[in-house]
Amino acid sequence: MRKEKMAAERLMKKYNTNCPFQIAREMGVNIQFERLKDTLGYFSTYKRIKTIHINQELTELDQQFTCAHELAHSILHPAVNTPFLQRSTLFSVSKIEREANTFAVELLLPDYLLCEHQDISLSQLALIRGVPRQLMYLKNR
């Protein structure tokens with residue numbers, strides 16, 4: 001099992017929910033809704049205060065996915081400085097983003113939800129849960 005799926009399952013079990021907003025709040029991660037132009041969201045830490053910044057112009061479902069994605073960064077990559085990584089070649093930013101997307105997909109489309117809704121397709125369930133169609137392939141079955 002991949003680390004992203006294990007991390008998502010561990011959080012769902014600990015907090016008894018797969019809602020990224022509720023998990024973030026219970027973990028003490030602040031959530032700020034802001035005007036971010038073309039940016040969907042980002043994660044920051046300042047003086048040990050973790051904050052997820054989400055574009056307030058997004059739909060509710062897009063905000064949910066963005067929160068799940070940024071929550072992944074707070075858990076899997078808490079000390080990563082993405083702007084620095086983009087200027088260097090030491091580590092692939094795309095790998096970090098893929099891991100965050102995988103975590104978000106696993107959090108929003110947990111196995112139990114797939115079992116409960118066998119009557120609808122994965123793409124329909126992804127649409128309902130706010131998972132972008134182009135990221136459904138990240139669901140580890």
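Table for the structure above
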| item | result |
| --- | --- |
| Pair list, Cβ under 9 Å, 6 or more apart: region 1-15 residue under 11 Å from Pro110 (Cα atoms), other residue surrounded by 12 or more Cβ atoms within 10 Å (Cβ to Cβ) and hydroxyl-bearing (Ser, Thr, Tyr) | Lys5/Thr102; Ala8/Thr102 |
| Within region 6-56, considering residues that are at pLDDT below 95 and basic (Lys, Arg), the one farthest from the chain's Cα centre (by Cα) | Lys47 |
| Candidates Thr51, Thr39, filtered to the one that is within 15 Å of Ile75 (Cβ to Cβ) and among the β-branched types (Val, Ile, Thr) | Thr51 |
| Matching residues, region 124-135, being surrounded by 11 or more Cβ atoms within 10 Å (Cβ to Cβ) and either more than 16 Å from Ala100 (Cβ to Cβ) or among the acidic types (Asp, Glu) (or both) | Gln124, Leu125, Ala126, Leu127, Ile128, Arg129 |
| Qualifying residue in region 4-11 (condition: among the small types (Gly, Ala, Ser), surrounded by 15 or more Cβ atoms within 10 Å (Cβ to Cβ), in contact with a strand residue (DSSP E or B) (Cβ under 7 Å, 6 or more places away or on another chain) and in a helix (DSSP H, G or I)) | no |
| Tally, over region 32-76, of residues that are within 20 Å of Lys14 (Cα to Cα) and surrounded by fewer than 18 Cβ atoms within 10 Å (Cβ to Cβ) | 1 |
| Matching residues, region 43-67, being in a strand (DSSP E or B) and aromatic (Phe, Trp, Tyr) | Phe43, Tyr46 |
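Each row is one residue, and each column tells you yes or no for (1) at pLDDT 95 or above; (2) within 23 Å of Cys19 (Cβ to Cβ); (3) part of a helix (DSSP H, G or I).
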{"position": "Leu71", "(1), (2), (3)": "yes, yes, yes"}
{"position": "Ala79", "(1), (2), (3)": "no, no, no"}
{"position": "Pro83", "(1), (2), (3)": "no, no, yes"}
{"position": "Leu90", "(1), (2), (3)": "no, no, no"}
{"position": "Ile96", "(1), (2), (3)": "no, no, yes"}
{"position": "Leu113", "(1), (2), (3)": "no, yes, yes"}
{"position": "Tyr137", "(1), (2), (3)": "no, no, yes"}
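The values are calculated or read from the model by the stated rules, or taken from the named source; none is laboratory data. From a predicted model like this one, the values you see are computed outputs, not experimental measurements. Cβ: placed from backbone, ideal geometry, glycine included. Neighbour counts: every protein chain shown.
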